[in-house]
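The values are calculated or read from the model by the stated rules, or taken from the named source; none is laboratory data. Just so we're clear, the structure is a prediction, and the values are computed from it rather than from any experiment. FYI the Cβ positions are ideal-geometry reconstructions off the backbone, even for glycines, and counts take in every protein chain you see. The accessibility values were calculated without ligands, DNA or RNA, using every heavy atom of the protein model including side chains. Shrake-Rupley method; radii C 1.70, N 1.55, O 1.52, S 1.80 Å.
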Amino acid sequence: MSSVQRPHDTHNGKRMLLNHPGPGDPDEQTPYSSYLRSEVLHTLQMPLSDSAAEPAFMVNAQVMELYFGLIVHEMRTAQGELRSQRLDRATATLRRTAAHFRALNGNWLSLSWMTPVDFGPIQRGIAEVHGRRQFSALQSWMFRWMAILLGSRSTDGLVSLEGTPTRLRELREALGHPTLYDDVLGLLAQNGYLIPVACLQRDFAAPYAPHPAVGEVWRMVYQDPAEYEEFFALGETLADIAEEFTTWKYRHLMSVRRTFGNRDGYFGEPTVAWLSPTLDEIPFPELWTARAAVE
Ligand code: HEM
């Protein structure tokens, strides 16, 4: 394979990223490429249009997918640490999670220049290959899993995954398991804080119902950070995560506004109107409401 750069290289008959030098020889690896799988990684960008915007759109969406996966991994690790009463370890893991979220959100900068003229050809290219009403980012099961761990119990987008029954089943199962916040409340209870039984032994598949007694626990912690140092640090780390998750949704919504406007999305409804209410679903509810009662 020549190393000369051409407008479109192909791999297994599929077009690859512009100016890509080619798939290389899979038998030729350096320790670096073997560890990072970089020879595979650089064959995963296959644009469907001639739009100069598509490489940036695709790479950033892929990087975001990787971050969704990393964040899911970290949050599940933190859940295990909370369940084994290792508060300091869990807080450290969640601090990493907040850092990943910040980097994830930084990706929107790389797409900030996009306009409808940039996005249109990408959308048409996808529609030509996958069908006009078949494709939706709602099919990002990793994003959905991340949202589920953060407390979302919305099943609206699951219909878009009917073509992948295994992923659909996995997500339905995940909906019935404790969220990150459930494990935080469990640890608070184990440490003697007055968390109502109804909040601990609840139907995990249902949305969490905020409780004044939980708000009172957080108020107490926030009223005296020095006394409740460890749970205060956990609370602030959770607040960072909630803020960054909401920031992702806000930046996504603004990107949609700039590149797509309020035209109809997957469900045939105006996209901005459909996405906007999700901004109000902020994780860890009493962590926010309790602040109003701190003197
Ligand atoms: C900048 C151009 C973008 C446009 C115009 C756009 C458009 C949309 C639309 C219309 C929806 C609502 C569902 C639907 O009707 O299909 C949606 C949801 C979503 N998009 Fe995007 N999107 C863009 C960028 C991205 C990027 C870069 C990612 C990164 C992976 C992404 C991930 C998602 C996810 C995960 C959802 C589901 C959100 C939720 O369920 O709350 N989008 N997008």
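Just want to confirm a number: the relative contact order over the stretch 54-293, from Cα pairs under 8 angstrom separated by 6+ residues, in percent.
Details: 246 pairs, mean separation 58.3, N = 240.
Answer for the stretch 54-293 is 24 percent.
Would you work out which of 253, 292, 161 lies farthest towards the positive end of the dipole of the chain? Charges go on Cβ: Lys and Arg +1, Asp and Glu -1.
Going by the charge dipole, the pick is 161.
What value, in deg cm²/dmol to 500, does the helix sum -39500 (n - 2.57) over DSSP H runs of n ≥ 4 give at 222 nm once divided by the residues of the chain?
Working: 13 runs with 163 residues, N = 295.
Per the formula, -17500 deg cm²/dmol.
Which length gain, in nm to one decimal place, applies between residue 189 and residue 84 when the Cα-Cα distance is subtracted from 0.36 nm times their residue separation? Walk me through the numbers before you get to the answer.
Numbers: separation 105, 0.36 × 105 = 37.80 nm, distance 1.31 nm.
My answer for the length gained is 36.5 nm.
For the stretch 34-131, which trypsin sites (Lys or Arg not before Pro) are in a loop by DSSP, counting at most 13 other Cβ atoms within 10 Å? Provide the component values of the computation, followed by the final result.
Details: sites: 37, 76, 83, 86, 89, 95, 96, 102, 124; in loops: 37, 86.
Sparse-neighbourhood loop trypsin sites (Lys or Arg not before Pro): 37.
Rounded if a/c is under 1.5, else prolate if a/b beats b/c, else oblate: with a ≥ b ≥ c from the C-alpha gyration tensor eigenvalues square-rooted, which is the stretch 176-246?
It is oblate, given that a/c is not under 1.5 and a/b is not larger than b/c.
Looking at the square roots a ≥ b ≥ c of the eigenvalues of the Cα gyration tensor of the stretch 62-109, which shape do they give, rounded for a/c under 1.5, prolate if a/b is larger than b/c, or oblate?
Note, shape of the stretch 62-109 comes out oblate.
Can you find, among 242, 274, 122, the residue farthest towards the positive end of the dipole of the stretch 54-293? Put +1 on the C-beta of Lys and Arg, -1 on that of Asp and Glu.
Positive-end residue among those listed: 122.
For residue 52 and residue 132, compute 0.36 nm times the residue count separating them, minus their Cα-Cα distance, and round to one decimal in nm.
Fully extending the segment from residue 52 to residue 132 adds 26.6 nm.
Under a point spin-label approximation (7 Å from Cα along Cα-to-Cβ), what is the residue 257-residue 155 distance to one decimal in nm?
In this crude label model, residue 257 to residue 155 measures out at 3.3 nm.
Would you mind counting up the charge near residue 212? Only other residues with Cβ under 13 Å from its Cβ, with Lys and Arg at +1 and Asp and Glu at -1.
Numbers: positive: 219; negative: 216, 286.
Around residue 212, the surrounding residues sum to -1.
Suppose each label sits 7 Å from its Cα in the direction of the beta carbon; what would the residue 201-residue 167 distance come out to in nanometres?
3.8
Grab the Cα-Cα distance for residue 41 and residue 250, subtract it from 0.36 nm times how many residues apart they are, and report the gain in nm with one decimal.
So the chain would gain 72.3 nm between residue 41 and residue 250.
For the chain, set up a GNM with springs between Cα atoms under 10 Å and report which of 139, 85, 190 has the largest fluctuation.
Most flexible of the set in this elastic network: 190.
Quick check: the distance between the Cα centres of the stretch 196-257 and the stretch 143-191, to the nearest angstrom?
One Cα centre to the other: 16 Å.
Under 18 Å from a label point 7 Å along Cα→Cβ of residue 73: give me every residue in the stretch 131-156 with its amide N that close.
Residues passing the 18 Å test: 141-147, 149.
In Å², and per residue, what accessible area does the stretch 140-230 have when probed at 1.4 Å with the other protein chains present?
Result: 50 Å² per residue.
Give me the percent of accessible area attributable to carbon and sulfur for the stretch 105-223, probe 1.4 angstrom.
58
Placing +1 at every Lys and Arg Cβ and -1 at every Asp and Glu Cβ, with all other atoms neutral, what dipole size does the chain have around its Cα centre, in debye to the nearest 20?
In debye, rounded to 20, the chain gives about 760.
Give, as a single signed number, the net charge of other residues whose beta carbon lies under 10 Å from the beta carbon of residue 51, with Lys and Arg counted +1 and Asp and Glu -1.
Combined, the nearby Lys, Arg, Asp and Glu give -2.
Assuming R0 = 25 Å, what is the FRET efficiency of residue 229 and residue 282, from their Cβ-Cβ distance, to the nearest 0.05?
FRET efficiency, residue 229 to residue 282: 0.55.
Classify the stretch 81-198 from the C-alpha gyration tensor, please: rounded if a/c falls under 1.5, else prolate or oblate depending on whether a/b exceeds b/c.
It comes out oblate by the Cα gyration axes.
Quick one: pull the percent of accessible area on the stretch 31-100 belonging to carbon and sulfur, 1.4 Å probe, ligands and nucleic acids left out.
The value for the stretch 31-100 is 59 percent carbon and sulfur by accessible area.
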